[in-house]
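Student: Dumping the structure here so I can ask a few things about it.
The values are calculated or read from the model by the stated rules, or taken from the named source; none is laboratory data. From a predicted model like this one, the values you see are computed outputs, not experimental measurements. Here the Cβ is made from the backbone with ideal geometry for all residues, glycine too, and neighbour counts use every protein chain on show. Just the protein is used for accessible areas: all its heavy atoms, side chains included, with ligands, DNA and RNA removed. Shrake-Rupley method; radii C 1.70, N 1.55, O 1.52, S 1.80 Å.
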Amino acid sequence: MIEKSQVLLVEDNNELAGSVADYLSALGYGVDFAFNGAAGLQLLESNQYDIVIFDVAMPKMSGLELCHKLRHELFNPIPVIFLTARDTLEDKKAGFQAGADDYLVKPFALEELHLRLQALLSRGPRRDIGLQKIAGLTVDHNQSLVSYEGKQVRLLSLQMHILTILLKHYPNVVSRQMLEQAIWDGVPPESDPLRTHIYRLRATLEVAFEKTVIRTVYAKGYQIV
């Protein structure tokens, strides 16, 4: 095991979650809990973990939905293992298609869970997660790199955040309110910073690629073109 690896356990069975957490903690892991998929997503958006363990059948958001969001919206390459009573081939196929790295069927031996965690941790983050091709652009979310026809530019963190939101809604227009909500939880700093950040992002992309990537739609918002 990698020393002091941080694990997020998303499991709605309190007794099982407690048993797993006690076992892993005794082995030196740091363990965070979430008891439904929506809470797990919030923790993944705000914290850094080395590996995550998901149940499949959970309230508010299933493990499959959570894993899909982790891979395709957060572009997070963290290793994922499903811990579930669903044991058919179709269930396992759905888990791997959602982005899982491993699948352990309940009931299970805690030692086997530990062995699987060790194997995934030794491989490290997924290298195939985080690449997005859309609107003629190739976006590497893990390295904040954007490419177009052989040209490449690295963006600042906030610029990458804005571009990710616009790409998520492509080809639709994204309103100022939606962007401000996503970036600053609806309470932006004073002096209209969004306009400045959009201008700098647009200029960076236009200089690098010699084309318009973001356009302003009057009275509506911004759009990837």
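Student: Tell me, what HN-Hα J-couplings in whole Hz come from the Karplus equation 6.51 cos²θ - 1.76 cosθ + 1.60 at θ = phi - 60° for each residue of segment 32-42, using x for Gly and Pro?
Tutor: Running phi through 6.51 cos²θ - 1.76 cosθ + 1.60 with θ = phi - 60° gives 10, 10, 9, 10, 8, x, 5, 5, x, 5, 4 Hz.
Student: Which of the aspartates and glutamates could a cross-linker bridge to K92, judged by Cα under 16 Å and excluding same-chain residues fewer than eight apart?
Tutor: D55, E65, D101, D102
Student: When all protein chains stay in place, what accessible area (Å², nearest 10, 1.4 Å probe) is found for T164?
Tutor: Looks like 30 Å² after rounding.
Student: Quantify, in whole percent, the carbon and sulfur part of the accessible surface of the chain (1.4 Å probe; protein heavy atoms only).
Tutor: For the chain, the apolar C and S fraction of the accessible surface comes to 49 percent.
Student: Enumerate the lysines that K4 could reach by cross-link, defined here as Cα to Cα under 28 Å, with residues fewer than 8 away along the same chain left out.
Tutor: K69, K106
Student: Using only alpha carbon pairs under 8 Å that are at least six residues apart, calculate the relative contact order of the chain and give it in whole percent. Could the numbers behind the result be given before it?
Tutor: Values: 349 pairs, mean separation 30.1, N = 225.
Value for the chain: 13 percent.
Student: Which value, in Å², gives the accessible area per residue of the chain when a 1.4 Å probe is used on the protein heavy atoms?
Tutor: About 54 Å² of surface per residue is accessible.
Student: If you average over every viewing direction, what projected area does the convex hull of the Cα atoms of segment 146-196 give, in nm²?
Tutor: Taking a quarter of the hull surface, the average projection is 4.2 nm².
Student: Using the alpha carbons of segment 53-180, what is the convex hull volume per residue in cubic angstrom, as a whole number?
Tutor: Working: hull volume 18.7 nm³, N = 128.
Measuring per residue, one finds 146 Å³ for the Cα hull of segment 53-180.
Student: Relative to the first principal axis of the alpha-carbon coordinates of the chain, what is the inclination of helix 63-72, with its axis defined by its Cα atoms, in degrees from 0 to 90 and to the nearest 10?
Tutor: Roughly 40 degrees between the two axes.
Student: Using a/c under 1.5 as the rounded threshold, could you call segment 65-115 rounded, prolate or oblate? The axes a ≥ b ≥ c are square roots of the C-alpha gyration tensor eigenvalues, and prolate needs a/b larger than b/c, oblate otherwise. Numbers along the way, then the final one.
Tutor: On the way: a/c = 2.86, a/b = 1.49, b/c = 1.92.
Oblate shape, in that a/c is at least 1.5 and b/c is the bigger or equal ratio.
Student: By a straight-distance test (C-alpha under 24 Å), which lysines pair with K220 as possible cross-link partners, with residues fewer than eight away in the same chain excluded?
Tutor: K168, K211
Student: A follow-up question, please. I'd like the antiparallel share, as a percent to the nearest 5, of DSSP beta bridges with both residues in segment 1-132.
Tutor: Just about 0 percent of them are antiparallel.
Student: Okay, moving on. Helix 110-123 versus the longest principal axis of the chain: what angle, 0 to 90°, nearest 10, using Cα atoms?
Tutor: Relative to the chain, helix 110-123 is tipped by roughly 30 degrees.
Student: Please state the relative contact order of segment 1-75 as a whole percent: Cα pairs under 8 Å, 6+ residues apart?
Tutor: Here the relative contact order equals 36 percent.
Student: Now for a separate question. Less than 14 Å Cβ to Cβ from P107, Lys/Arg counted +1 and Asp/Glu -1: what total charge do the surrounding residues give?
Tutor: Charge balance in the 14 Å sphere: -4.
Student: Summing Lys, Arg as +1 and Asp, Glu as -1, what charge do residues with Cβ under 11 Å from the Cβ of D192 carry, D192 excluded?
Tutor: Net charge around D192: 0.
Student: Please compute one quarter of the surface area of the Cα convex hull for segment 115-156 and express it in square nanometres. Can you show the working numbers first?
Tutor: Details: hull surface 15.6 nm².
Mean shadow area of the hull around the Cα atoms is 3.9 nm².
Student: Same structure, new question: Name the long-range amide H neighbours of M58: under 5 Å, sequence gap of 5 or more, or other chain; modelled H, no Pro or chain starts.
Tutor: Under 5 Å from the amide H of M58 lie the amide H atoms of G63, each far enough along the sequence or on another chain.
Student: Tilt of helix 157-168 relative to the longest C-alpha principal axis of the chain, in degrees (0 to 90, nearest 10)?
Tutor: 90 degrees
Student: Within a Cβ distance under 11 Å of T212, other residues only, what is the Lys/Arg minus Asp/Glu net charge? Walk me through the numbers on the way to the answer.
Tutor: Numbers: positive: R202, K211, R215; negative: E206, E210.
Local charge sum for T212: +1.
Student: Quick one: what do you get for the chain if you divide its Cα Rg by 2.2 N^0.38 Å?
Tutor: In units of the globular-protein estimate, the chain measures up at 1.16.
Student: Given bins 5 angstrom wide, list per bin the percent of all Cα-Cα distances in segment 1-80, short to long.
Tutor: Going from the shortest bin to the longest, the percentages are 3, 16, 29, 25, 17, 8, 1.
Student: Please state, to two decimals, what the Cα-based radius of gyration of segment 111-225 comes to when divided by 2.2 N^0.38 Å (N = residues). Please report the intermediate quantities before stating the final value.
Tutor: Details: Rg = 17.4 Å, N = 115, 2.2 N^0.38 = 13.4 Å.
Dividing the Cα Rg of segment 111-225 by 2.2 N^0.38 Å gives 1.30.
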